[in-house]
1. Among Leu156, Leu145, Leu63, which one shows the biggest mean-square fluctuation in a GNM of the chain, springs joining Cα atoms closer than 10 Å?
2. Place a +1 charge on the Cβ of each Lys and Arg in the chain and a -1 charge on the Cβ of each Asp and Glu, then give the dipole magnitude about the Cα centre in debye, rounded to the nearest 20.
3. If the elastic network links every pair of Cα atoms under 10 Å, which of Ile94, Ile119, Ile37 fluctuates the most in the Gaussian network model of the chain?
4. Using +1 on the beta carbon of Lys and Arg, -1 on that of Asp and Glu, and nothing else charged, what's the dipole of segment 8-81 about the Cα centre, debye to 20?
5. In the chain, carbon and sulfur make up what percent of the accessible area (probe 1.4 Å)?
6. Projecting each Cα onto the charge dipole of segment 42-158 (Lys/Arg +1, Asp/Glu -1 at the beta carbon, about the Cα centre), which of Tyr60, Ser128, Asn89 comes out farthest on the positive side?
7. Quick one: order Arg8, Arg114, Arg105 from most to least accessible surface, probe 1.4 Å.
8. From the list (i) 1.17; (ii) 1.49; (iii) 1.25, can you say which value of Cα Rg over 2.2 N^0.38 Å was derived from the structure given?
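The values are calculated or read from the model by the stated rules, or taken from the named source; none is laboratory data. All values reported here derive from a predicted model rather than from experimental measurement. Neighbour counts run over all protein chains shown; Cβ positions are idealised from the backbone, glycine included. For accessibility, only protein heavy atoms count, side chains too; no ligands or nucleic acids. Shrake-Rupley method; radii C 1.70, N 1.55, O 1.52, S 1.80 Å.
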Amino acid sequence: MRGIERLRSVERTTEPLAKALPELPKQQTILVRLVRIAAYGLGDYFGGVFDELGMTEHSYHALCVLVASDKGSASPSELSELVGTSRPNMSKVIVTLEKAGYISRKAGKLDGRRSVVEITKLGEQVVSKATPSVAGPVASAFSGLDDKEQAELDRLLRKAIVSFDEAKFR
């Protein structure tokens, strides 16, 4: 299903959903659905790029986070948070990257039960080689938005992300 079809589905089902579940706040429910559809669409959009590179988007992103780190290292939970995936999924990503020789794991200095993930020279080379193939699709991902709209989307997404943390529901 393409993005436009997903949007039509939201439009088609909004009123029946609101009628069937009137306790759900309609506008916020639409926003949740749109954000999820956008995230799904990004995954579809980048899927082929990473398939051609022989890695997943999460693997590439984890390597990028490690390259950008001052120490070239991070804890698995930090990687999970920064990449935006679950801890169990990040554990799988780490195992895959470690088997490929792109990262190594070491026991933490302060707490030996915690591990630290470090990028290897091979990992640095792989991410450097892969980045030109990713740069074009990243640059064109939001080509339907002008610079002002992209800046506004950036501002609103940042505001929404903070609002998730500040929400009273837990």
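1. Among Leu156, Leu145, Leu63, the largest mean-square fluctuation in the Gaussian network model of the chain belongs to Leu156.
2. Details: 25 positive and 22 negative charges, 126 e Å.
Computed charge dipole of the chain: roughly 600 debye.
3. Among Ile94, Ile119, Ile37, the largest mean-square fluctuation in the Gaussian network model of the chain belongs to Ile37.
4. 440
5. Values: 7140 of 12320 Å².
That share works out to 58 percent.
6. Farthest towards the positive pole: Asn89.
7. Working: Arg8 130, Arg114 160, Arg105 105 Å².
Sorted descending by solvent-accessible area, the residues read Arg114, Arg8, Arg105.
8. Among (i) 1.17; (ii) 1.49; (iii) 1.25, the one derived from this structure is (iii).
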